[in-house]
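First the structure, in the form of structure tokens, and then the observations on it.
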Amino acid sequence: MLTGYYDRCREIIGRFGGATDKFIGDAVMGVWGAGASYEDDAERATRAALELVDMVEGLGGEIGMPG
């Protein structure tokens, strides 16, 4: 279950231009602006965070643990 979660987190963070720094249990740390910074890094990080929340909700439904 965690492998699928990690893969999805990496994909979402990468799609918004961030880099996955580390996982600690089910926590994920993504960073923006480490290699190259852009004016909208904060906005892209926020959009990634919102999509991550939606992904977790959907993942719960997929594995039979809604809510």
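The values are calculated or read from the model by the stated rules, or taken from the named source; none is laboratory data. All figures in this text were calculated on a predicted structure; none of them were measured in a lab. All Cβ positions, even for glycine, are placed from backbone atoms using ideal geometry, and neighbour counts span all protein chains on display. Note: accessible area is taken over every heavy atom of the protein model, side chains too, but ligands, DNA and RNA are not part of it. Shrake-Rupley method; radii C 1.70, N 1.55, O 1.52, S 1.80 Å.
Pick from the stretch 11-49 the residues that are assigned to a helix (DSSP H, G or I) and not hydrophobic (A, V, I, L, M, F, W, C): which of them is farthest from GLY60 (Cα to Cα)? Spell out how you get there, then give the answer.
The initial filter retains those residues of the stretch 11-49 that are assigned to a helix (DSSP H, G or I), namely 11-15, 41-49.
Then keep just the ones that are not hydrophobic (A, V, I, L, M, F, W, C); that gives 11, 14-15, 41, 43-44, 46-47.
Working: GLU11: 18, GLY14: 22, ARG15: 22, ASP41: 29, GLU43: 26, ARG44: 24, THR46: 22, ARG47: 20 Å.
It comes out as ASP41.
Is it fair to say ALA36 is more than 13 Å from the chain's Cα centre (by Cα) and either under 14 Å from GLY14 (Cβ atoms) or exposed (fewer than 12 other Cβ atoms within 10 Å of the Cβ) (or both)?
yes
Limited to the stretch 17-33, what total is found for residues that are loosely packed, with under 15 Cβ neighbours inside 10 Å and either of a type in the set (D, E, K, R) or touching a strand residue (DSSP E or B) at 6+ places or on another chain (Cβ under 8 Å) (or both)?
Total meeting the criteria: 7.
In the stretch 50-60, what residues are open to solvent by 50 Å² or more (accessible area, probe 1.4 Å) and touching a strand residue (DSSP E or B) at 6+ places or on another chain (Cβ under 8 Å)?
none
List the residue pairs whose Cβ atoms are under 7 Å apart, where the first residue sits in the stretch 1-16 and is farther than 17 Å from ALA45 by Cα and open to solvent by 80 Å² or more (accessible area, probe 1.4 Å), the second is not in a helix (DSSP H, G or I) and not charged (D, E, K, R), and the two are 6 or more positions apart or on different chains.
From residues that are farther than 17 Å from ALA45 by Cα and open to solvent by 80 Å² or more (accessible area, probe 1.4 Å), the pairs are MET1/ILE63.
Among the numbered criteria (1) open to solvent by 90 Å² or more (accessible area, probe 1.4 Å); (2) without any contact (Cβ under 8 Å) to a residue 12 or more places away in the chain; (3) under 13 Å from the mean Cα position of the chain (by Cα), which single criterion is violated by ARG47?
(2)
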